[in-house]
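Structure record follows, encoded as structure tokens.
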Amino acid sequence: MIKLKKTKVSANEKARRNRILFWSFVVIVINLLQILFKNWITSLIAMVGTIYALYRIVVFDNPKNRLSQKYYDWKGNKLSK
């Protein structure tokens with residue numbers, strides 16, 4: 001059996017992973033509600049909720065994405081915190 005080295009995860013990365021897990025659960029719950037209650041309101045809520053969750057995961061909470069307002073300013077320069 002091959003033993004892999006365990007790398008230590010920083011607190012910021014752990015928090016980011018927990019936010020990704022939270023938004024994935026939100027998407028699952030919203031889409032389950034869409035399956036259970038088939039009407040245009042739940043479909044609309046599921047679409048908007050899924051798109052917003054993808055935005056939060058891919059753009060907002062991603063430190064490597066220059067479109068992230070959390071890590072970069074409007075010019076694309078890193079924010080100093």
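The values are calculated or read from the model by the stated rules, or taken from the named source; none is laboratory data. Being a predicted model, the structure only gives us computed values, none of them experimental. Counting neighbours? That spans all protein chains shown, and the Cβs are built from the backbone with ideal geometry, glycine included. In case anyone asks, the SASA skips ligands and DNA or RNA and just uses the protein heavy atoms, side chains included. Shrake-Rupley method; radii C 1.70, N 1.55, O 1.52, S 1.80 Å.
Data table
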quantity	calculated
Output for the range 12-26, where each listed residue is open to solvent by less than 50 Å² (accessible area, probe 1.4 Å) and at pLDDT below 90	ALA15
Top-ranked residue in the range 36-65 [being in contact with a Leu (Cβ under 8 Å, 6 or more places away or on another chain) and over 22 Å from ASN12 (Cβ atoms); ranked as surrounded by the most Cβ atoms within 10 Å (Cβ to Cβ)]	ALA46
Contacts under 7 angstrom Cβ, first residue in the range 10-39 being under 17 Å from VAL58 (Cβ atoms), partner of a type outside the set (Lys, Arg) and in a loop (DSSP other than H, G, I, E, B), 6 or more apart	ARG16/ASP61; ARG19/ASP61
Residue in the range 66-76 that is loosely packed, with under 10 Cβ neighbours inside 10 Å and of a type outside the set (Lys, Arg) present	yes
Of residues in the range 7-60 being among the polar types (S, T, N, Q) and assigned to a helix (DSSP H, G or I), the one nearest to TYR71 (Cα to Cα)	ASN12
